[in-house]
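Reviewing the structure listed below.
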Amino acid sequence: MSEPNKSTTNEKVRPITQLVLGAVFGIAFGFLLQKGGVAKYHILMGVLLLEDFTVIKVMLSAIIVGMIGVFSLHRMGLVQLHLKPTRYAANILGGLLFGVGFALLGYCPGTGAAALGQGNYDAVSGVLGLMVGSYLYAEASLVLSKSVEKWGDRGQLTLPNLVGLPTLTFVLGFVPLLAAVLWAIERAGSGG
Amino acid sequence: MHQQGEKMIDAVSQKSWSPYVVGSLIGILSWFSFATADKPLGITTAFEHAAALTWAAAIPDMAEQHPYFAAKRAEGKPPIIGWEAMLVVGVFFGALLSARLSGDQNRLWVPPMWERRFGPSKWKRLSAAFLSAALMMFGARLAQGCTSGHGISGSLQLAVSSWLFISIAFGVAILTALAMYRGQGVQDV
């Protein structure tokens with residue numbers, strides 16, 4: 001399976017199987033984002049103006065289905081979890097900056113790439129901006145990693161850990177709750 | 001078999017699918033991404049690596065000596081062209097494919113809704129997009145994820161970081177959008 005000779009040819013490029021897999025998943029993801037309409041400016045602004053809940057419907061469906069599958073696979077020992085560390089200050093400040101930029105741009109990073117694919121040329125400028133934002137973060141990371149990112153650093157923390165419930169119990173309660181939110185949104189939408 | 005084939009063609013040529021179908025399929029895609037690549041679906045890492053590699057190519061000496069590269073090497077996560085980068089390239093082509101098959105291509109520089117509120121200026125939209133994208137990505141890097149990495153992949157794993165980030169990001173985005181459009185809606189702007 002492993003081909004060490006391939007991975008050593010160029011340390012900046014991963015083995016071909018990983019590249020192909022990444023492209024296949026990306027194509028499927030981009031295809032779905034476009035079909036869901038969530039790469040469109042007016043749909044993304046629609047949710048932010050609290051008028052069109054397509055984005056919430058897509059995200060919550062993905063979270064519910066993904067959660068059931070990933071935790072089942074995890075219990076069977078087939079997958080590992082990849083939790084981003086909880087760092088209260090960095091998560092909150094990052095969320096604030098992200099939120100302002102997201103509303104002004106009208107695309108998020110993934111839907112920006114999809115928007116460009118479907119012919120929204122303004123996303124070209126967005127993609128360049130994303131690169132610059134990454135560069136600026138790398139420049140600032142030395143300072144940030146010694147300050148903001150240390151404040152309230154709780155490591156890998158999950159909602160079940162936080163409330164002190166076993167993961168299975170939490171998931172069994174949380175999935176119906178998220179489904180109820182979707183149901184309420186659908187009902188409110190059809191009533192108005 | 002023939003009928004099934006026609007149904008498939010019918011589905012891909014539709015301009016939009018039910019958000020519940022799309023969301024569920026993204027959820028299933030995430031199972032396979034964990035199972036085959038041992039990675040959650042996420043976009044921001046690729047931009048970090050792309051920026052770092054561009055930087056390293058432009059001014060190799062300065063970039064290689066920069067503490068950022070040293071820190072990433074120490075973490076065992078040096079910038080590379082890997083699964084994450086191909087994921088983003090794939091998203092572009094996947095959306096292109098979907099839009100082509102359904103004739104849903106926009107070919108626009110300024111979104112009509114933006115134009116009705118802020119005017120037809122291409123440069124105004126492009127400069128606003130550039131600056132806001134930079135701000136957004138800075139926030140995403142600081143929080144270590146975006147709408148995909150935190151919003152979907154992190155939320156489905158019940159990470160506190162992800163639910164906190166995405167709640168604040170959407171809350172602030174809603175306030176910003178309401179201020180931008182000043183009570184005008186999607187239709188009547």
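Where a number appears in this text, it was derived from the coordinates with a stated rule and is not lab data. It should be emphasised that the depicted structure is a prediction, and the values quoted were computed from it without experimental measurement. Here the Cβ positions follow ideal geometry from the backbone for every residue, glycine too, while neighbour counts run over all protein chains shown.
Some values worked out for this structure:
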| quantity | calculated |
| --- | --- |
| Highest-first arrangement of A:97-106, A:51-60, where packing means the average Cβ count within 10 Å | A:97-106, A:51-60 |
| Volume per residue that the Cα convex hull of the range B:113-189 spans, once the total is divided by residue count, Å³ | 96 Å³ |
| Radius of gyration and Dmax over the Cα atoms of the range B:1-52, both given in Å | 16.1, 49 |
| Where N is the number of residues in the range A:15-189, Cα Rg divided by 2.2 N^0.38 Å | 1.18 |
| Shape of the protein assembly as shown, Cα gyration tensor, a/c cut at 1.5 | rounded |
| Relative frequency of Cα-Cα separations exceeding 18 Å in the range A:94-192, percent | 70 percent |
| Kyte-Doolittle at least 0.5, axis length at least 27 Å by Cα - qualifying DSSP helices, chain A | A:16-35, A:54-75, A:122-144, A:167-191 |
| Cα gyration tensor category, rounded, prolate or oblate, for the range B:65-125 with a/c compared to 1.5 | oblate |
| Dipole of the protein assembly as shown [Lys/Arg +1, Asp/Glu -1 at C-beta], most positive-end residue of B:Ile59, B:Ile80, B:Leu135 | B:Leu135 |
| Under 5 Å, built H, 5+ apart or other chain: amide partners of A:Thr158 | B:Val160 |
| Calculated over the range A:9-96: convex hull of Cα atoms, volume per residue (Å³) | 181 Å³ |
| From phi via Karplus (6.51, -1.76, 1.60), per-residue ³J(HN,Hα) for the range B:145-153 in Hz, x at Gly/Pro | x, 10, 5, 7, x, 8, x, 9, 5 |
| Positive-end residue of A:Gly37, A:Val70, A:Ser141, charge dipole of chain A with Cβ unit charges | A:Val70 |
| Selected from B:Pro40, B:Leu126, A:Ala123, residue furthest toward positive end of dipole (the protein assembly as shown; charges at beta carbon) | B:Leu126 |
| Built amide H within the under 5 Å cut-off of A:Asp153, gap 5+ | A:Tyr88 |
| Entries in A:Lys40/B:Lys124; B:Lys77/B:Lys122; A:Lys84/B:Lys15; A:Lys57/A:Lys146; A:Lys35/B:Lys72; B:Lys39/B:Lys72 that, when Cα-Cα distance is taken, lie over 27 Å | B:Lys77/B:Lys122; A:Lys84/B:Lys15; A:Lys57/A:Lys146; A:Lys35/B:Lys72 |
| Number of partner chain Cβ atoms within 10 Å, mean per residue of B:101-111 | 5 |
| Relative contact order (percent, whole number), chain A, Cα cutoff 8 Å, 6+ residue spacing | 25 percent |
| Packing rank of B:151-163, B:91-103, where each peptide gets the mean count of other beta carbons within 10 Å, highest leading | B:151-163, B:91-103 |
| The protein assembly as shown, dipole about Cα centre (Lys/Arg Cβ +1, Asp/Glu Cβ -1), debye to the nearest 20 | 240 debye |
| Gyration tensor over alpha-carbon atoms, the range A:152-192, equivalent ellipsoid semi-axes in Å | 30, 13, 5 |
| Residues B:Arg182 and A:Trp183, FRET efficiency given R0 of 30 Å [Cβ-Cβ distance, rounded to 0.05] | 0.40 |
| Kyte-Doolittle at least 1.6, axis length at least 27 Å by Cα - qualifying DSSP helices, chain B | B:160-181 |
| Three-way shape label, chain B, alpha-carbon gyration tensor, a/c 1.5 | oblate |
| Chain B - charge dipole about Cα centre, Lys and Arg +1 at Cβ, Asp and Glu -1, debye rounded to 20 | 520 debye |
| Neighbourhood net charge (13 Å Cβ-Cβ; Lys/Arg +1, Asp/Glu -1) for B:Ser33 | -1 |
